[in-house]
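The values are calculated or read from the model by the stated rules, or taken from the named source; none is laboratory data. Keep in mind that what you see is a predicted model, and the values were worked out from it rather than measured. Cβ placement follows ideal geometry from the backbone for every residue including glycine, while neighbour counts extend to all protein chains displayed. Areas reflect the complete protein model, heavy atoms only, side chains present, ligands, DNA and RNA absent. Shrake-Rupley method; radii C 1.70, N 1.55, O 1.52, S 1.80 Å.
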Amino acid sequence: MQSSKSSSPVEALLPVRLGKGRVPYARGMRAGPWVFASGILATDDKGGLAREVRDGGRPLSGLPRWYREALCLFQRAEEVLKAGGTDLAHTVRADQYFPDWRAVPFLHLARKERCGEYIAPSTSVLESRLLVPRAGMAMEMIAVRPGGGLELKPHYPEGLDVPATSAFAPVVTAGDYVFIAGFLAAWKPGDLGGIAPEAKVPEGHLWKGNRIQLEADYIIRKKLVPALDGAGASLASVVKAQVYLADIHDVPAFNQVWARHFKGSVPATTFVPTINPGFAITDARCEINLVAVTDNGKTTKAPLEGNFPPVCDGHPLAVRAGNLLCFSGLVAASADGPVAGARRGARRARAGIGAQMKYLLDIAAEGCRHYGASLENVVRIQQFHTDLADFEPACRVWLERLRGRPLPISAVQVPAPLVVPGCAVQLDLWVYVP
């Protein structure tokens, strides 16, 4: 299918219709020099698992199912990137979600085959469910177009270990933009691994620090600061962070460390709960990835100012960097908790999701207007649901707001609660600002 073209500064790539509700879905978006590939799954043209992924009558006779799925996943990704005028060699970020950790090594095998020497900064976490039943992996990608004015350069700062099985670039710059892979509080002297001793409470002790604050501090000091420094950036120039947590109740303690390091310059931040274990290291509690701008470049960080309701105290609603506007994770809550009409009834009616989505899109649209942008220029929608049955009702609210435009959307199911208990969906949005 051909790309959807209009006078809009953003262009939907390879639009299709998904699910029983026939939701218009944009497999990707092109906006200026950027290409976004959203919700990549190993699907057929009807939205089910691709034929080459399904086991058939002899499930043990061929290549491993997850390896076949990973190859199909990269084929789908390359189709979108090609439609946007780019390729895997120009990707700057990849995010992967898995319901089962056993699928991850097979994606790594396929990724090395398809990507070759260069693999973009990557984050992989474990979550409850994906949109397609029995799917073992889902992926998001961000890329730049060759000749679009954003030269891509990988960086390998000293001391930043990358597992040999993953082999991704820990840091990539694209012009003034900096993309940093997801980092754990990992320790690797020689061939050993696991969480660093200084990121743990000493064995046998009860109150020599607490685990989430020790891990967060270690990740920031030992991973993120060196990564930023190696690309000519700093904590002050961080635009966007995704923070994955094994226990969402760790958010207040995490924020205490976060605020201390950022000193009044907290980036747009999204907190996402994972299943437990949810990371490459089984006892890890936290993984963080970043987007920043270089300290001495022409592109600057501009937090959204005004009377906007942040999810967490001290966090901006959104931060603009050049032609990208990145929102903090949005849930439908005010200072008093979930907004009116958002809570579910005893029968888990879908009415609550409609009220939440309308509130969220109103807030997002207001944030866009502050920068002279439009929510119609959204290029990346990640929805983290506590129940994927809410996905299509949520999409109907989007379609009403965007007048039927194909949605550059992905969704995974995460454990409840979200950062505000009682909310059923969190939005993580990127908007193009012409």
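Counting only protein heavy atoms and a 1.4 Å probe, region 75-193 has 41 square angstrom of accessible area per residue.
With the charge dipole of region 1-111 set up from +1 on Lys and Arg Cβ and -1 on Asp and Glu Cβ about the Cα centre, the Cα lying farthest toward the positive end among the listed residues 66, 47, 13 is that of 47.
What percent do you get for the relative contact order of region 240-387 when only Cα pairs under 8 Å and 6+ apart count?
Numbers: 187 pairs, mean separation 29.6, N = 148.
After rounding, I find 20 percent.
In region 223-292, the DSSP beta bridges split such that about 55 percent are antiparallel, to the nearest 5.
Short-range pairs are left out: with C-alpha atoms under 8 Å and at least six residues apart, the relative contact order of the chain is 16 percent. For region 118-163, GluC sites (Glu not before Pro) meeting the loop criterion (DSSP other than H, G, I, E, B) and having at most 14 other Cβ atoms within 10 Å: 151, 158. Of the complete DSSP H runs in the chain, those spanning 20 angstrom or more by Cα along the long axis with a mean Kyte-Doolittle score not below 0.0 are 351-370.
What number, in percent, do you get for the relative contact order of region 320-423 if the mean sequence gap of Cα pairs under 8 Å and at least 6 apart is divided by its residue count?
Working: 111 pairs, mean separation 33.5, N = 104.
After rounding, I find 32 percent.
By a 1.4 Å probe calculation restricted to protein chains, residue 161 has an accessible surface near 70 Å², given to the nearest 10. Rounded to 0.05, the FRET efficiency of the residue 75 and residue 263 pair, given R0 = 60 Å and the Cβ-Cβ distance, is 0.85.
Note on the chain: dipole from Cβ charges, positive end direction compared against 353, 275, 75; the farthest Cα belongs to 353.
Given a 1.4 Å probe and every protein chain left where it sits, what share in percent of the accessible area of the chain is carbon and sulfur? It would help to have the intermediate numbers written out before the result.
Numbers: 9390 of 18190 Å².
Exposed carbon and sulfur together represent 52 percent of the surface.
Looking at region 267-332, the accessible area is 36 square angstrom per residue; that uses a 1.4 Å probe and ignores ligands, DNA and RNA. Within region 35-74, list the residues whose amide N lies under 17 Å from a label point set 7 Å along Cα→Cβ of residue 101. Hits in region 35-74 for residue 101 at 17 Å: none. Counting only DSSP H runs of at least 4 residues, each contributing -39500 (n - 2.57), and dividing by the residue count of the chain, the helix-based mean residue ellipticity at 222 nm comes to -6500 deg cm²/dmol.
In a fully extended conformation the segment linking residue 153 and residue 44 would gain 35.8 nm over its present Cα-Cα distance, using 0.36 nm per residue.
What you get for the chain, charging only the Cβ of Lys and Arg (+1) and of Asp and Glu (-1), is a dipole of about 1160 debye around the Cα centre. Note on residue 222: accessible area approximately 90 square angstrom, rounded to 10, probe 1.4 Å, nucleic acids and ligands left out.
Extending 7 Å from Cα along the Cβ direction at residue 61 and again at residue 334 yields two label points whose distance is 6.3 nm. The gain in end-to-end length when the residue 188 to residue 307 segment is fully stretched comes to 38.4 nm, 0.36 nm per residue minus the alpha carbon separation.
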